[in-house]
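In what follows, a single structure is set out as structure tokens and then discussed.
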Amino acid sequence: LEQPAVGAPLERDGNRSPLAAPQGLYPCAGGEPGAERWLALSVATDAQWESLCELLGRPGWASVDALRERDGRRAAHDEIDRQLREWTRGQDREALEQALRDAGIPASAVADPNRLLETNPQLQARGYFERLEHPIVGPMPLPSLPYRYASIERWLRSPAPTLGQDNEHVLAGLLGLSSDELAELEAEKIIGTRPEGL
């Protein structure tokens, strides 16, 4: 829509928006590499920026006149993000989320996809995770489709196959290879049931 309206093609801008600055994801205290605790925030108005500056303790970098308006903040977004990341890394995510919301700034803890099963009551109530018995790892919850039909009790019918589990069914049963041909493929390590080196 932007191309025909103003002649400029819409370009990717990551987590940023032309209507807010700063806007992005910021790491908070208590995380570790690979399991960071992220917070999303979006400053859409100049009043929200003033509120954020107040929460920051009015540091010198945030008091630059050019940052009082969104266009100036968009132009300096990289530097603002750098400064905000330094600040948020020392903040408790839940406390910061509440403080930002209390100040009228849209903010939310970013859901940890590894903990959705334990932490998201909506997904639990909707039966989004279905438990299947896997031949190697045993019973495990797996994400299914995010909607339900009255006529379908479960979306997932079987766990993911193990490596080579269906070789014989597909290659011999469906494609007609002989047992000698299967043995030859296995001897040449074209097919198998274990990754090489394990």
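The values are calculated or read from the model by the stated rules, or taken from the named source; none is laboratory data. Remember, predicted model here, so these are calculated numbers, not experimental data. Using ideal geometry, Cβ is built from the backbone for each residue, glycine included, and neighbour counts are taken over all protein chains shown. Please note that ligands, DNA and RNA were not included when accessible areas were found on the heavy atoms of the full protein model with its side chains. Shrake-Rupley method; radii C 1.70, N 1.55, O 1.52, S 1.80 Å.
Each Cα pair under 8 Å and six or more residues apart adds its sequence gap; the mean of these over the residue count of the chain is a relative contact order of 15 percent.
The 3J(HN,Hα) values that the Karplus relation (6.51, -1.76, 1.60; θ = phi - 60°) gives for the range 167-179 are, in residue order, 3, 5, 4, 6, 6, 8, x, 8, 9, x, 5, 7, 5 Hz. Gly and Pro appear as x. Spin-label model, Glu186 to Glu69: label points 7 Å out along the Cα-to-beta-carbon direction sit 7.4 nm apart.
With only Cα atoms counted, the chain has Rg and Dmax values of 26.0, 79 Å. Each peptide among 22-30, 71-79 gets the average number of other Cβ atoms lying within 10 Å of its residues, and from highest to lowest they stand as 22-30, 71-79. Inter-label distance, Leu56 to Ser158: 5.7 nm, where each label sits 7 Å from its Cα along the C-beta direction. Cβ-Cβ distance of Glu133 and Glu168, R₀ of 25 Å, FRET efficiency by 1/(1 + (r/R0)^6): the value works out to about 0.70.
Compared with the alpha-carbon gap, the fully stretched path from Arg126 to Leu175 is longer by 13.6 nm at 0.36 nm per residue. In sequence order, the range 52-60 has phi-based couplings of 5, 4, 4, 5, 6, x, 6, x, x Hz under the Karplus curve 6.51 cos²θ - 1.76 cosθ + 1.60, θ = phi - 60°, and Gly or Pro positions carry x.
Using the Cβ-Cβ distance between Asp46 and Asp112 with R0 set to 25 Å, the FRET efficiency from 1/(1 + (r/R0)^6) comes to roughly 0.15.
Residues whose amide H lies under 5 Å from that of Gly24, counting only those 5 or more places away or on a different chain, are Leu41; hydrogens are built 1.01 Å from N in the peptide plane.
Ranked by solvent-accessible area (1.4 Å probe, protein heavy atoms only, all chains present), the residues Arg16, Arg126 order from largest to smallest as Arg126, Arg16. Taking θ as phi - 60° and the Karplus parameters 6.51, -1.76 and 1.60, the scalar couplings of the range 190-196 work out to 7, 10, x, 10, 9, x, 4 Hz in sequence order, x denoting glycine and proline.
Counting only protein heavy atoms and using a 1.4 Å probe, the accessible area of Thr45 comes to about 60 Å².
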